[in-house]
Amino acid sequence: MKDRVVQKHWRRKIYDVVHDTSTNKGKIFNLALFGLIIISVVYVLLESVNDIDKKYHPYMVASEWIITILFTIEYILKVISLPRPKKYVLSFYGIIDLLSTLPLYLSYFFSGGSTFLALRALRLLRVFRILKLVKFMGEANVLSKALLASRLKIGIFIYIVLIMCVIMGSVMYIVEEGANSGFSSIPKSIYWTIVTITTVGYGDIAPSTNLGQAIASFIMILGYGIIAIPTGIVTSEMTKSKTEENTFKPHICHHCNATDHPIAAKFCHGCSRELLA
């Protein structure tokens with residue numbers, strides 16, 4: 001019994017450090033870990049530069065192993081400090097923590113495994129938890145809801161744009177055929193249309209005939225309007241979401257726990273009892 005109490009006490013102490021970012025120890029631990037993540041990601045980026053890798057490769061490998069071992073210890077501590085570790089292991093942050101710890105170990109069994117060390121950058125997401133940026137997370141939720149609500153409209157819009165690209169690409173192929181301007185096939189012409197309509201403009205293919213240049217000018221101008229449409233769709237959904245938030249009362253009925261009551265409502269729509277202020 002005494003051993004169980006001691007075990008519970010130590011698990012709680014570990015939890016306060018590795019999980020609870022509201023305590024000073026928790027903030028220091030997570031900020032230090034956050035610094036290690038940034039260093040690790042920088043190492044991965046620098047490792048891809050041949051000159052730097054040749055000169056400092058042994059030091060970078062040693063540092064990466066030290067960081068990986070620290071991450072492994074942190075992951076184990078997180079698992080053993082929880083009463084229900086399975087919930088953490090299968091959670092978003094739990095999966096990210098595991099994926100960002102495994103690559104260096106896997107590099108010894110699979111060639112190119114070290115490339116996946118870049119997955120560690122995903123752990124930078126913990127800044128939202130460390131700094132308690134709830135407001136930004138809330139805004140992210142609003143944006144995700146707006147994107148989800150407008151997915152059908154955006155999908156139809158993209159479908160129409162693709163049809164336009166196929167048509168305009170086919171027209172450009174017919175117009176520029178024989179002009180040796182790079183429009184050697186319909187797929188290549190469609191590629192040029194997509195590059196032009198998105199205002200990227202690589203310049204590897206360009207029309208040389210007068211009619212082709214006129215059509216290209218039209219496509220370029222059309223591209224500016226096309227880029228603005230998805231933004232307008234998402235903005236409209238965000239405005240609609242904000243309006244709905246301001247239309248309904250956030251508080252819960254004390255009798256039946258029903259939510260989303262209109263601002264002017266005096267009685268609950270679930271149990272018909274009077275709503276308390």
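Things to note:
- Test: residue in region 58-73 that is more than 18 Å from the chain's Cα centre (by Cα), at pLDDT 80 or above, closer than 22 Å to R11 by Cα and not aliphatic (A, V, I, L, M): yes
- The set of residues from region 162-183 being at pLDDT 90 or above and of a type in the set (S, T, N, Q) comprises just one member, S170.
- The requirement of being assigned to a helix (DSSP H, G or I) and more than 26 Å from the chain's Cα centre (by Cα) is not satisfied by I205.
- Pick from region 78-88, criterion out of contact with any Phe, Trp or Tyr (no Cβ under 9 Å at 6 or more places or on another chain) and surrounded by 13 or more Cβ atoms within 10 Å (Cβ to Cβ), ranking: farthest from R11 (Cα to Cα): Y88
- Single residue of region 51-69 satisfying the filter (surrounded by 13 or more Cβ atoms within 10 Å (Cβ to Cβ) and free of Cβ contacts under 8 Å to residues at least 40 places away in the same chain) that is nearest to L33 (Cα to Cα): I67
- V49 modelled with pLDDT of 80 or more and among the β-branched types (V, I, T): yes
The values are calculated or read from the model by the stated rules, or taken from the named source; none is laboratory data. Keep in mind that this is a model prediction, so the values were computed, not measured. Here the Cβ is made from the backbone with ideal geometry for all residues, glycine too, and neighbour counts use every protein chain on show.
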